[in-house]
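Here the structure is laid out as structure tokens; the discussion comes afterwards.
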Amino acid sequence: MQLTKSEEKILAGSKGEVYASAYRVLSAIGQATEAEKLVPIEWAHISGVNYNTIGDTGVDFLQEVANGVRFRVRTTINPMGYDRSKPNTLSQNFLSKQMQIVESYKKMGATQSFSCTPYEIFKLPKKGTSVSFAESSAAVFSNSFLGLMTNKESALSALASAITGKSPYSDLRIEKSRTPRVAIKCRGIAINTETDYGLLGYIAGKIANDSCIAFSDLKSRMEMMPAKAIASGLGTSGSCGMFTSGNVPKSESVAIGEEEMCKATDELSTDEDGDLIMFGSPQLGLSELTYLHDLIAGRKFDRRCIIFCSRYIHDQARKIGLASKVESSGAEFMCDSCMCLSPLITRDNTDSIITNSVKGAYYMKSSNRVGVALKDMKTIVRTYS
Amino acid sequence: MYVVGCKCIVKGFAEGEALVSDTPINFLTMIDAGSGEIKDLNHNLYGQTLKDKIFVFPYSVGSSVGAYVLYSLKKKSSGPLAIISSNRMDITTASGCAISNIPAVHLKCLNIHQVIRNSQALIVDADGEQILIYPN
């Protein structure tokens with residue numbers, strides 16, 4: 001990758017160690033993705049906010065970085081560990097470490113979004129704009145549905161891009177890489193619920209070897225709920241950063257059938273039942289809350305039900321009366337946070353959870369180490385209310 | 001000893017034993033960020049550690065936070081000596097190695113076991129874009 005003279009100087013340390021490190025990261029990912037040069041980006045979305053994901057070394061690292069650095073572009077951040085407006089039983093250590101992380105990002109000028117769905121909250125740049133999104137589900141969603149151009153960035157590469165305002169011009173930032181060469185076909189399976197879409201994405205992520213894959217049997221227009229489900233499933237299992245739907249001429253096809261769907265379900269759904277219900281990985285938006293509200297139709301949940309939501313969406317839902325209607329089912333909102341690696345759910349207090357999210361199921365099982373019953377939202381409401 | 005060419009992603013030099021994974025790695029869920037142990041029960045290298053090994057794997061998948069796991073391993077002296085990607089070098093791995101000064105190279109090779117076996121002694125010379133492999 002060719003750096004400009006001024007970029008070379010910063011890499012050599014002319015603006016200090018933090019900027020030099022940022023350019024070291026950009027150079028490495030530029031090499032990895034065979035970029036020719038760096039290009040400006042308009043928006044960075046950073047992961048690595050929840051203390052449970054980055055730990056003490058992450059806390060210290062961000063404190064060092066935050067000294068003397070201001071983000072160059074609009075920067076939003078992923079969910080943190082808990083809801084700031086609610087009491088919790090987390091340790092003093094967790095709370096203070098989490099606050100140190102939040103302070104570091106604030107100091108650098110990040111918007112306190114605490115959301116994995118920034119595309120549902122903020123004004124979107126026009127199609128074709130280069131951005132740098134780390135959250136895997138948001139990167140896949142933004143490439144696939146919003147026409148934004150990002151590689152599947154890492155927590156550290158998006159941070160480097162927020163600091164420098166640049167990312168490598170490579171891979172999914174180049175139009176020709178956005179045409180899939182492999183198309184997934186559905187062989188004898190019906191993809192109906194959001195959980196089916198999530199599973200399909202999860203399986204495809206394991207198959208995909210390119211940065212973009214096609215689902216040739218899916219309609220090119222998709223509702224928000226299945227769109228978020230398939231994007232997050234794909235982001236969870238693979239390194240693929242984009243998909244298209246509808247037929248793709250001249251592509252090689254790979255079939256997914258009953259056997260693959262059953263295998264993925266068995267892998268993620270370890271239990272028949274669970275102690276509590278969790279919705280919101282990715283965090284729910286207004287259309288999903290409306291769908292949930294319609295399903296509940298006056299019934300009450302027979303066990304605890306947590307809805308993860310960004311504060312912005314929650315406040316909007318509150319304003320239009322939707323939040324209180326949903327709460328009358330006994331469900332509770334949990335803002336600022338997400339179910340993945342939530343410190344609130346551990347093996348000490350929970351045997352298993354029920355969720356409609358493939359991504360949530362994967363992280364609950366593999367990181368939180370609790371059992372999972374994976375069912376779609378309609379089935380969950382029918383069974384447990 | 002024989003030599004194979006590779007592509008430099010993060011500069012550096014390392015000599016040690018290879019730990020070769022056939023399957024992609026999600027650093028956040030599969031690797032213990034303190035000890036470097038592979039904690040995924042379904043992984044064929046379950047219980048083995050990345051610490052002081054030259055870790056060879058196809059590419060990383062899933063969480064974008066995996067880059068912090070590499071940084072944490074390095075800080076806790078539990079990190080790999082070097083990394084070799086055998087299918088493609090992904091952004092999570094490249095950025096994690098860059099910030100942690102872990103030498104990283106890419107060696108495109110679909111059947112990596114034919115070239116590097118588990119426990120085989122290697123030298124990764126990222127600057128010189130070559131891997132020196134000792135006979136087994």
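Read the figures in this text as sums done on the coordinates, not as results from a lab. On a predicted model such as this, the values are computed, not experimentally measured, just so you know. Cβ: placed from backbone, ideal geometry, glycine included. Neighbour counts: every protein chain shown.
Data for the structure
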quantity: All-pairs Cα distance distribution in chain B, expressed in whole percent, bin size 5 Å; calculated: 2, 12, 23, 28, 21, 11, 3, 0
quantity: Simple Cβ-charge dipole of region A:179-265, Lys/Arg +1 and Asp/Glu -1, about Cα centre, in debye nearest 20; calculated: 220
quantity: Of A:Lys15/A:Lys166; A:Lys107/A:Lys325; A:Lys176/B:Lys74; A:Lys176/A:Lys206, pairs whose Cα-Cα distance is over 26 Å; calculated: A:Lys107/A:Lys325; A:Lys176/B:Lys74
quantity: Shape box of region A:170-226 [Cα atoms, principal axes, largest first, Å]; calculated: 35, 23, 16
quantity: Sum of side-chain charges, B:Pro24 neighbourhood, beta-carbon under 12 Å (Lys, Arg +1; Asp, Glu -1); calculated: -1
quantity: Within 10 Å of each Cβ in A:144-157, the average number of Cβ atoms from other chains; calculated: 5
quantity: Eligible aspartates and glutamates near A:Lys185 by straight Cα distance, threshold 18 Å, same-chain separation 8 or greater; calculated: A:Glu194, A:Asp196, A:Asp210, A:Asp217, A:Glu252, A:Glu258, A:Glu259, A:Glu260
quantity: DSSP bridge pairs, the protein assembly as shown: antiparallel proportion in percent, nearest 5; calculated: 30
quantity: Enclosed volume per residue, in Å³, of the convex hull spanned by Cα atoms of region A:179-265; calculated: 81
quantity: Entries in B:Lys51/B:Lys76; A:Lys263/A:Lys378; A:Lys152/A:Lys359; A:Lys219/A:Lys359 that, when Cα-Cα distance is taken, lie over 20 Å; calculated: A:Lys263/A:Lys378; A:Lys219/A:Lys359
quantity: For region A:139-283, with +1 on Lys and Arg beta carbons and -1 on Asp and Glu, the positive-most of A:Ser269, A:Ala227, A:Tyr169 along the dipole; calculated: A:Tyr169
quantity: Centroid-to-centroid separation of region A:325-376 and region A:230-282 [C-alpha atoms, Å]; calculated: 18
quantity: Reduced Cα scattering model of region A:255-366, Debye log10 I(q)/I(0), q = 0.09 Å⁻¹; calculated: -0.26
quantity: Share, in percent, of DSSP beta bridges within chain B that are antiparallel, nearest 5; calculated: 60
quantity: Among A:Gln98, A:Gly48, A:Thr117 - extreme Cα towards positive end, dipole of region A:43-117, charges at beta-carbon; calculated: A:Thr117
quantity: Sequence-separation-based contact order of chain A, relative, with Cα cut under 8 Å and 6+ spacing, percent; calculated: 17
quantity: Region A:5-175 - share of DSSP beta bridges that are antiparallel (%, nearest 5); calculated: 25
quantity: Degrees separating the helix B:91-100 axis from the principal Cα axis of chain B, which is the longest one; calculated: 90
quantity: FRET E, pair A:Ser85, A:Glu223, Förster distance 45 Å, beta-carbon r, rounded to 0.05; calculated: 0.90
quantity: For A:Gly257, net neighbour charge (Lys/Arg +1, Asp/Glu -1) across residues whose Cβ lies under 10 Å away; calculated: -1
quantity: Structure-based [θ]222 nm, chain A - -39500 (n - 2.57) summed over DSSP H runs of at least 4, per residue, nearest 500; calculated: -12500 deg cm²/dmol
quantity: Phi-based couplings in Hz for region A:327-341 (Karplus 6.51, -1.76, 1.60; Gly and Pro marked x); calculated: 5, 5, 7, x, 6, 10, 8, 10, 8, 6, 10, 8, 6, 5, 6
quantity: Hull shadow area, averaged, chain A [alpha-carbon convex hull, nm²]; calculated: 18.4
quantity: Separation of alpha-carbon centers, region A:74-101 and region A:36-73, rounded to whole Å; calculated: 16
quantity: Sparsely packed GluC sites (Glu not before Pro) within region A:225-315, loop by DSSP, other Cβ within 10 Å at most 12; calculated: A:Glu272
quantity: Neighbour net charge for A:Asp217 - beta-carbon separation under 11 angstrom, K R +1, D E -1; calculated: +3
quantity: Convex hull volume per residue for region A:219-318, taking Cα atoms only, in Å³; calculated: 162
quantity: Peptide-level mean, for B:52-62, of C-beta atoms on other protein chains within 10 Å; calculated: 3
quantity: Taking region A:124-238 and dividing mean pair separation by its residue count, relative contact order in percent (alpha carbons under 8 Å, at least six apart); calculated: 29
quantity: Electrostatic dipole magnitude of the protein assembly as shown [Cβ: Lys, Arg +1; Asp, Glu -1; Cα centre; debye, to 20]; calculated: 1380
quantity: Dipole magnitude of chain B about its Cα centre (Cβ charges: Lys, Arg +1; Asp, Glu -1), debye to nearest 20; calculated: 180
quantity: Averaged over A:26-36, number of beta-carbon atoms from partner chains that fall within 10 Å; calculated: 6
quantity: Region A:119-165: radius of gyration over Cα atoms, expressed as a fraction of 2.2 N^0.38 Å; calculated: 1.06
quantity: Dipole of region B:2-133, positive direction: furthest Cα of B:Val69, B:Ala104, B:Val56, with charges on the beta-carbon; calculated: B:Val69
quantity: Estimated inter-spin distance, A:Gln92 and A:Lys263, nm [label 7 Å along Cα→Cβ]; calculated: 5.1
quantity: Inter-site label distance for B:Asn111 and A:Glu252 at 7 Å from Cα along Cβ, in nm; calculated: 1.7
quantity: Average projected area [Cα convex hull, region A:5-175], square nanometres; calculated: 9.9
